[in-house]
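These notes concern the structure reproduced below.
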Amino acid sequence: MKPVSRPLHRSLSPWLAAPLILVALTGLTYRIGRSWFGMPKEVGNQVLDFHTGMWLGKGASLVYTSMVGFGLLALTISGAVLLWKSRAKTGSRRWHRIVAWVLVLPLFASASTGLLHHYGELVFGFEKDTQSLLMNIHQGNWLGPKGRPFYILWVGLGLLTLVVTGVSMLRRKTSVTAPKTLAS
Ligand code: HEM
Ligand code: HEM
């Protein structure tokens, strides 16, 4: 079977770099602003409108959230296959892998709960309990009000590191491929 993870991962990342930076920065600004800097709820809601694309209107925000959400899911799944099947030792490739190991599950959870919450609100009319369960997982509420800002710092700064190390690999023509024997 022709290896698909690396070409898929590599071809998606240039399109997703900028929206993923915006998602990470708005998620970080909202949580750290509200938890540690007393950011007013109205300002928080404006930040979340940028996080979900609601500033573009309901219809466009569904397209935007689908693109970022399904895009991050595709990067996470193809990246997980690459983590399993390839080896690399040096530079940004090594740092990308180290961060990828600790973030593959939280980013899968962020993307899927974020997508479900937005579609649940605008399309499927999910119950309030379902919506708050999705947000509890999405932003680490299970760590309590004191712990959840640290969860968002970890996920947000980790995602930014993946984008920066990923983009630096894009600029390099050559990619470290696994020995021919291992399908990667
Ligand atoms: C949880 C999410 C992610 C995981 C698990 C992941 C995992 C990986 C792995 C294991 C590799 C192969 C490194 C090697 O050759 O040893 C890789 C390569 C790469 N990643 Fe990611 N990554 C993730 C997110 C991202 C993001 C957000 C971007 C950029 C927007 C990105 C861009 C790249 C690029 C450009 C490469 C080089 C592909 C090549 O060798 O041709 N990745 N990623
Ligand atoms: C592609 C991935 C993501 C999608 C589709 C997404 C989507 C969403 C949605 C729909 C909401 C609810 C907004 C509202 O209540 O109006 C939300 C809230 C939030 N998201 Fe994300 N998100 C994603 C990734 C992230 C990441 C990576 C972080 C971490 C930096 C994050 C942090 C937050 C925070 C802190 C909230 C506020 C929760 C609250 O209402 O208290 N999100 N996200």
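The values are calculated or read from the model by the stated rules, or taken from the named source; none is laboratory data. For clarity, every value in this text was computed on a predicted model and none was experimentally measured. Ideal geometry is used to build each Cβ from the backbone, glycine not excepted, and the neighbour counts take in all protein chains shown. Areas reflect the complete protein model, heavy atoms only, side chains present, ligands, DNA and RNA absent. Shrake-Rupley method; radii C 1.70, N 1.55, O 1.52, S 1.80 Å.
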Checklist outcome for this item: When restricted to V47, V81, the only residue assigned to a helix (DSSP H, G or I), under 20 Å from the mean Cα position of the chain (by Cα) and within 14 Å of ligand 2 (Cβ to nearest atom) is V47
Checklist entry - Would you call G53 within 20 Å of L170 (Cβ to Cβ) and out of contact with any Cys (no Cβ under 6 Å at 6 or more places or on another chain)? => result no
Item to check | Residue satisfying condition, being open to solvent by 30 Å² or more (accessible area, probe 1.4 Å), within 10 Å of ligand 1 (Cβ to nearest atom), more than 15 Å from R10 (Cβ to Cβ) and not aromatic (F, W, Y), within set V99, V104, V81, V63 | outcome: V104
Checklist entry - Of these, T76, T29, which one is surrounded by 17 or more Cβ atoms within 10 Å (Cβ to Cβ), in a helix (DSSP H, G or I) and within 16 Å of ligand 1 (Cβ to nearest atom)? => result T76
Checklist entry - Has the range 22-37 got any residue that is out of contact with any Ser or Thr (no Cβ under 7 Å at 6 or more places or on another chain), away from ligand 2 (no atom under 12 Å from the Cβ) and at pLDDT 95 or above? => result yes
Next on the checklist: Being in contact (Cβ under 8 Å) with a residue 60 or more places away in the chain, open to solvent by 50 Å² or more (accessible area, probe 1.4 Å) and either within 17 Å of the chain's Cα centre (by Cα) or within 23 Å of P149 (Cβ to Cβ) (or both) is the requirement here; does L20 meet it?
Outcome noted: no
